Protein chains: 2
Amino acid sequence: MTFDISYNARIRKSPFFDCTVADGVKAFTTYNQMLMPAHYGDPEGEYWRLIDGVSMWDVSVERQAQISGPDAARMTQLLVPRDVSKIRIGQGRYAPISDAQGRLLNDPVLLKLDHDRYWLSLADSNIWLWARGVAYGLGLDVEITEPDVSPLAIQGPKSFDVTASIFGDWVRSLAYFAFHETVIAGIPVVVARSGWSHQGGFEIYLKDGTRGKDLWNLVKEAGQPFDIGPGTPTTVERVESGLLSYGTDTRPDTNGLELGLGKFINLDMEPDFVGKSALRRIRDEGIARRRTGLFIDGERLPTAEEHWPVLADGEQVGVCTIAVFSLRLQRNIAIAIIENTVPDSASYSVETPDGTREATETPLPFCTPGRV
Amino acid sequence: MTFDISYNARIRKSPFFDCTVADGVKAFTTYNQMLMPAHYGDPEGEYWRLIDGVSMWDVSVERQAQISGPDAARMTQLLVPRDVSKIRIGQGRYAPISDAQGRLLNDPVLLKLDHDRYWLSLADSNIWLWARGVAYGLGLDVEITEPDVSPLAIQGPKSFDVTASIFGDWVRSLAYFAFHETVIAGIPVVVARSGWSHQGGFEIYLKDGTRGKDLWNLVKEAGQPFDIGPGTPTTVERVESGLLSYGTDTRPDTNGLELGLGKFINLDMEPDFVGKSALRRIRDEGIARRRTGLFIDGERLPTAEEHWPVLADGEQVGVCTIAVFSLRLQRNIAIAIIENTVPDSASYSVETPDGTREATETPLPFCTPGRV
């Protein structure tokens, strides 16, 4: 069943909105109170272009919380579980944000622009309000703003050729999450090695919202020799790749350790951050749930619109947070949150809209980059 | 142009979702990361049912931030510009929330359930994170949660008859924003005299998400003698009535005084709240902008999807935050934020998608309740 989307100024348009409409966008979702293209009418074709070629995505919804001012480094360190003093300018870090109880609030990429200026490139939750509340309570001298910055992603194996043809061969040697501020055709941008797929690529952060059309067309033209086309983050690819979707795979009480983010949460470093002591306690006591993969038997299922109950021995032991039909594996796959006392050899069943199905657990990710 | 809406578990369904689908919902918007019905295929008919009759709305998206625990009263007082100690249990207050700079963060209704338990019935922003940040920074002993509570609105002049036929005649004497906890047909609810229209009515807060279908059908059946039908908050009615839409009529730097909310912001009371000193300064210095009404000349315009520039003497002096064609006045009307130095007798022009139009200022609201 499909429904129209209704929106007004409460749900903002991206600087690339008109270009995505001109290029045939058919569906939107919302994210950080903005419209995000969801597909252009051919989700499967768009998926294979990402796997085999190169795709350009309006991901303006990945908004930045900018932290600046005298206490910016101290504030940023309070929010993120990485040692901010050890990050060089021009480097980024995946940086899950937790509250004092250790519950995950967002899983942004932290970009260190200067010693007193940071961006959190956010997933879908209002970290501006969290950070401003913490800063208010602690009396920190910081400004927390949403700058006019809108990423455009270039993703897929041919993204390196496209991006190098625009900016030069130096982009090929950017480390993952590293970034560089530059200007192209008069348009101020940040070029980052990042993106919400496992197929490789870049995100071009547009720093002037009036130049959306110029940047879109520049990338589109540079991509023609490589058969670039418009696309979007694809749910099928992200599930195959085991990527976390904050808000889909989480609920308000989910913590980063049960999501498997332990290697991005430095509990043993010197600097303190919000949630550190709670997460240390969770680590010491052991996680109560685990994020894992499930193969679901039977005919092709529709993509899950909500969490599906997962049972073992007739008892609910968790949920599938998302389920899709894998185009590379040609079977139903799901990401699940399961009680950690259940052995991974358990016989599971999943309550789907098409009835109860048998399922078996498998480690994430389901697929490595590229064709299987 | 219409587009499909794409969603998964990141954008939650309401307990009434299946009922709204069965009753023919055609479009959704999103609000507090949930789906909200936007219309059922006949927006004009749904509008007139609200004006003349009675309409039932899935407004589950009006989520509650519940503040409880030993410091609940102190925390709530910090957030809201009303004297919490003077509110009786069972009373509500419209309570605009500001940050330390006086910027509006949300405009909820505060419900005092007990001396140590409060709900903020929220507009579209994440006050849970703001409140948890403030509580963390100040070391307050509170729990800030999102309880399983989903309002269903009954709105329109006949809403009194419908609601009285369900709960009894006592509902007719509920003061505005007063509420009462009760049980109907085994379903736990809060009955409140409130709703996002000026046509009168109630909101029934469902306190058990598994009973959505039961409550929906109960209201639907009780409403049959009054020709009740499914509806939604209507943009046309809210603009005619001058109601504030947080996120549509605001931007991150908008303060409550320039929105005309001064009478709901008690700057002279004893208790302190976040933003009080900043708002006193703004009051003393005078507001820089005002929220006002505009008549826009010419043929029927489409409903605004974004802010439209407003000019006086060729200079931009503000924006229309929303513009609609008024069905009661049969002309184009808009809510605007205008620089306060511009006299209200100015000759305005508005840059619409259909070209530049002349406009004249007029006080809000455009319409009183009922037929003009």
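Rule-based calculations on the coordinates, nothing more; no lab input. Just so it is clear, the model here is predicted, and its values are computed rather than measured. Here the Cβ positions follow ideal geometry from the backbone for every residue, glycine too, while neighbour counts run over all protein chains shown.
Charge tally around residue B:264: other residues with Cβ under 9 Å, Lys/Arg +1 each, Asp/Glu -1 each, net +2. This ranking places A:360, B:210 by how few other beta-carbon atoms lie within 10 Å of each, fewest first, which gives B:210, A:360. Before rounding to the nearest 500, sum -39500 (n - 2.57) across all DSSP H runs of length at least 4 in chain A and divide by the residue total; then give [θ] at 222 nm in deg cm²/dmol. My calculation for chain A gives -5500 deg cm²/dmol from helical runs alone. Among residues other than residue B:245 with Cβ under 14 Å from its Cβ, the summed charge is -3 (Lys and Arg +1, Asp and Glu -1). For region B:94-102, take each phi angle, set θ = phi - 60°, evaluate the Karplus expression 6.51 cos²θ - 1.76 cosθ + 1.60, and give the result in whole Hz per residue in order, putting x for glycine and proline. Going residue by residue, I get 5, 9, x, 9, 10, 8, 5, 8, x Hz, with x marking Gly and Pro.
With a cut-off of 15 Å between beta carbons, the residues surrounding residue A:103 carry a summed charge of +1, where Lys and Arg count +1 and Asp and Glu -1. What separates the Cα centres of region B:64-138 and region A:327-348 is a distance of 41 Å. Considering only A:361, A:299, A:203, the mean-square fluctuation computed in a Gaussian network model of chain A, springs between alpha carbons under 10 angstrom, is largest for A:299.
Counting only other chain Cβ atoms within 10 Å of each residue's Cβ, the peptide B:319-332 averages 1. Taken over region A:60-124, the percentage of Cα pairs per 5 Å bin, counting from 0 up to the bin with the maximum distance, is 4, 20, 31, 26, 14, 5, 0. Hey, got the average number of other protein chain Cβ atoms within 10 angstrom for residues in B:92-103? Mean partner-chain Cβ count within 10 Å for B:92-103: 1. Compute a Gaussian network model of chain B, connecting alpha carbons closer than 10 Å, and tell me which residue from B:329, B:279, B:152 fluctuates the most. For chain B, modelled as a Gaussian network with Cα springs under 10 Å, the answer is B:329. Rounded to the nearest Hz, the phi-derived 3J(HN,Hα) couplings of region B:323-335 under the Karplus curve 6.51 cos²θ - 1.76 cosθ + 1.60 (θ = phi - 60°) are 9, 9, 8, 6, 6, 7, 9, 6, 7, 6, 10, 8, 9, where x marks glycine and proline. Computed from phi, the 3J(HN,Hα) profile of region B:302-318 under the Karplus parametrisation 6.51, -1.76, 1.60 (θ = phi - 60°) reads x, 4, 5, 9, 7, 5, 9, x, 10, 10, 9, 6, x, 9, 5, 10, x Hz, with x in place of Gly and Pro. Legend: mean number of C-beta atoms from other chains within 10 angstrom of residue C-beta atoms, peptide A:121-127, equals 3. With the cut-off at 29 Å, tell me which of the pairs A:263/B:13; A:26/A:158; B:26/B:158 have Cα atoms farther apart than that. Beyond 29 Å between Cα atoms: A:263/B:13. Pick from A:342, A:149, A:171: which residue has the top mean-square fluctuation in a GNM of chain A where Cα pairs under 10 Å get a spring? Among A:342, A:149, A:171, the largest GNM mean-square fluctuation belongs to A:342. Filter the trypsin sites (Lys or Arg not before Pro) in region B:62-147 down to the DSSP loop ones having no more than 16 other Cβ atoms within 10 Å, then list what survives. Loop-located and lightly packed - B:88. Distant-in-sequence amide contacts of residue A:244, defined by a placed amide H-H separation under 5 Å and a gap of 5 or more residues or a different chain, comprise nothing.
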